[in-house]
Ligand SMILES: *Cc1c(COP(=O)(O)O)cnc(C)c1O
C-alpha cells in the first residue's frame, strides 16, 4: 500500500511520525493495536459527531444488516434520509445520494456545467473538494498538508477551466468574472474552511458571493461535506443565512458509513438522469446500511440542545488551548464554530491559505507528538480542522487541556 495507508494524511508524514494503526473506536476514544487509548479529535475526519460506534447507530445497523446490505433497487430508507436532508438544509429541494464527498463534488461540477452551459468554475486556494481532476488546483487537505504541487496526471486541458481566488477576497472573484464573461458556471467553496486548518468567512463574504454569482448568471455551490450537520443542523447555510443554489454533503450524513450527497433547487436537480440528461450513477448508492447510519445519526442530532452542547464543549476546548499556548510564550490564533475548531501557531488573523502557511509547522509536529504521548489524538496536520462530538465529556476536555498545557511546556 503506497505509504502504508489508504488515504494520504493518515501516514503522519507532515508531523514526522509513523501512522497509528487503530483496533477499535468507541465514544470519544480510539484504541491502537498496542492497547493505547487516545481521546480522539479527528472523529474519522468528521462523521463521528455523535461519538464513535454510538449504541443506537450500531443497533439500527444490526437490524438493517439482517435485511441485506445492498438492494440495487430503491429502498424506503433513501426517501426517509432524503426527507430529513430536504427539511434541514435550506437550499436542498431535491437530493441524490452517492458514496463519498469526492463523488458528490464531481457530480455537482458536472451539474453546474450542464445547467449553465458554461465550462469554467471558480474555487478558492486551500479549499478541498475531493480528489477529482478539476479540483486538484491549489487544493487543501492532504495536498496542502504534504506540500504537493498540483498533482501530475491531471491534464492541463482539464484544469484550464478551474480558476482560483484567495479565500475571503471578493475583489479577486469580481475580477475573474470580469475577465471571463459568460464563461463561468459558478463558484464552489467550503463556507467555513476545514481543509486548510480552520478559516471562517469574513462578514459579507458569503453574501457577496451570493450577489456576484446572481449578477453573472452563475451558480453558488456550498461544499458542506465537512460543515453539513456539524456547524448547525442545517449546515453553514442555515447558520449564516446565505442560501446557495447547490450543496454537497458527506461525512456526518453517512454516520460513519460511506455516503455523499448533492442537492439543491429542483429546477437544477431535475437535470440529473433519469429526470434529465446529465448522467451520474452508482452501484452501491443509497444502500440500506449507509442510509440507516445516516438516518439514526440525524435523529440523534436533531434532539433539543445538541448544538448548544457541542458549542459549549468546543468553546471550552479552544479557549484552553489558546491560553496554554500563550502561557508557554507561543504565538497562536484559533477559534471554533459549533463542533469544529482549529488553531494556527502564528499571530492572527488567518483569513486565507497564504496566511495559514505562515503557521509554524515544525512546532506543530512537536506538539502533535507530545499530545500523542499524552493520549490525545489530533489531526496529523497543521492544515486540518479538529472535531468534537457529543461523546466528549467535561472530564475528557479537562484531560485534553492538561495534556496541551504539559505539551506546550515541553516543546520549543
Ligand atoms: C472530506 C471532504 C471532501 C471529500 O470527501 P470524501 O468522502 O473524502 O471523498 C470534499 N469536500 C470537503 C469540504 C471535505 O471536507
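Results, tabulated for the structure shown:
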| read-out | value |
| --- | --- |
| Hits in region 359-393 - residues which are part of a helix (DSSP H, G or I) and either in contact (Cβ under 8 Å) with a residue 60 or more places away in the chain or under 19 Å from residue 331 (Cβ atoms) (or both) | 361, 362, 363, 364, 365, 366, 367, 368, 369, 370, 371, 372 |
| Tally of residues being surrounded by fewer than 22 Cβ atoms within 10 Å (Cβ to Cβ) and either touching a residue at least 40 places away in the same chain (Cβ under 8 Å) or under 23 Å from the mean Cα position of the chain (by Cα) (or both) across region 347-358 | 7 |
| Number of the exception - residue 67 against (1) assigned by TED's automatic domain parsing to the domain that holds residue 136; (2) buried (at least 19 other Cβ atoms within 10 Å of the Cβ) | (2) |
| Residue in region 278-287 that is within 21 Å of residue 70 (Cα to Cα) and buried (at least 24 other Cβ atoms within 10 Å of the Cβ) present | yes |
| Residue 152, sole failed condition from (1) free of Cβ contacts under 8 Å to residues at least 12 places away in the same chain; (2) within 13 Å of the ligand (Cβ to nearest atom) | (2) |
| Condition met for residue 58 (touching a helix residue (DSSP H, G or I) at 6+ places or on another chain (Cβ under 7 Å) and at pLDDT 95 or above) | no |
| When residues of region 32-43 are limited to those that are in contact (Cβ under 8 Å) with a residue 40 or more places away in the chain and in a loop (DSSP other than H, G, I, E, B), the one nearest to residue 9 (Cα to Cα) | 42 |
| Single unsatisfied condition, residue 316 versus (1) at positive phi; (2) touching a helix residue (DSSP H, G or I) at 6+ places or on another chain (Cβ under 9 Å) | (1) |
| Some residue of region 140-148 being surrounded by 24 or more Cβ atoms within 10 Å (Cβ to Cβ), over 29 Å from residue 8 (Cβ atoms) and in contact (Cβ under 8 Å) with a residue 40 or more places away in the chain | no |
| Any hit, region 171-183, residues being surrounded by 21 or more Cβ atoms within 10 Å (Cβ to Cβ), more than 16 Å from the ligand (Cβ to nearest atom) and closer than 28 Å to residue 46 by Cβ | yes |
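Residue-wise test of (1) in a helix (DSSP H, G or I); (2) under 30 Å from residue 185 (Cα atoms); (3) within 16 Å of the ligand (Cβ to nearest atom).
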site	(1), (2), (3)
50	no, no, no
60	yes, no, no
63	yes, no, no
70	no, no, no
73	no, no, no
84	yes, yes, no
91	no, yes, yes
105	yes, yes, yes
108	yes, yes, yes
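Conditions tested, residue by residue: (1) free of Cβ contacts under 8 Å to residues at least 12 places away in the same chain; (2) assigned by TED's automatic domain parsing to the domain that holds residue 239; (3) under 30 Å from residue 377 (Cβ atoms).
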residue	(1), (2), (3)
6	yes, no, yes
45	no, no, yes
63	no, yes, no
76	yes, yes, no
82	no, yes, no
88	no, yes, yes
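The values are calculated or read from the model by the stated rules, or taken from the named source; none is laboratory data. If you're wondering where the values come from, they're calculated on a predicted model, not measured in any experiment. With ideal geometry, Cβ positions are generated from the backbone for all residues, glycine too; neighbour counts draw on all protein chains shown.
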